[in-house]
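Comments concern the structure below.
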Amino acid sequence: MNKEEILSKSKKDNKGVDEMELYVLSTAGKIASKVGLLVCCFVAVLQAALTHNVSFECWMIYFSILAATFIVKYIKLHRKHELLVASIYSILFLLFTVLFIINLLR
């Protein structure tokens, strides 16, 4: 393949993709993740203060979102770091899921 063929193929592959939109979506996702963490912290502290119980369900949901994010990143990028982080978040998701179910059965 010569340079012109590579450029032509690249243009076809990226047709309809807006780089600015991809950047904005990436930034929005990072901010949404941080906002989710703050909301989970707020809910957990408020619930613990008012009911003397710990909220497992919001942490279960939060870590499921993070686990899914890093699983997709690992599948797309094949970086060992992404797999490690995905594993940690998946374990935390499973832990909070088990605690949530135990709490429901009491």
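The values are calculated or read from the model by the stated rules, or taken from the named source; none is laboratory data. Quick caveat, the model's predicted, so the values are computed rather than measured. Every residue, glycine among them, receives a Cβ derived from its backbone with ideal geometry; neighbour counts consider all protein chains shown.
Per-residue answers, yes or no, for (1) outside any helix (DSSP H, G or I); (2) at pLDDT below 95; (3) over 16 Å from the mean Cα position of the chain (by Cα):
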| residue | (1), (2), (3) |
| --- | --- |
| 10 | no, yes, yes |
| 24 | no, yes, yes |
| 27 | no, yes, no |
| 30 | no, yes, no |
| 42 | no, yes, yes |
| 46 | no, yes, yes |
| 58 | no, yes, no |
| 85 | no, no, no |
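Per-residue answers, yes or no, for (1) out of contact with any Pro (no Cβ under 6 Å at 6 or more places or on another chain); (2) surrounded by fewer than 16 Cβ atoms within 10 Å (Cβ to Cβ); (3) more than 22 Å from residue 101 (Cβ to Cβ); (4) not polar (S, T, N, Q):
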| site | (1), (2), (3), (4) |
| --- | --- |
| 24 | yes, yes, yes, yes |
| 33 | yes, yes, yes, no |
| 38 | yes, yes, yes, yes |
| 63 | yes, no, no, yes |
| 73 | yes, no, yes, yes |
| 89 | yes, no, no, yes |
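The set of residues in the range 60-80 being free of Cβ contacts under 8 Å to residues at least 24 places away in the same chain and either part of a helix (DSSP H, G or I) or β-branched (Val, Ile, Thr) (or both) consists of 61, 68, 70, 71, 72, 73, 74, 75, 76, 77, 80. Considering (1) farther than 30 Å from residue 103 by Cβ; (2) assigned to a helix (DSSP H, G or I); (3) more than 14 Å from the chain's Cα centre (by Cα), the lone condition that residue 17 does not fulfil carries the number (2).
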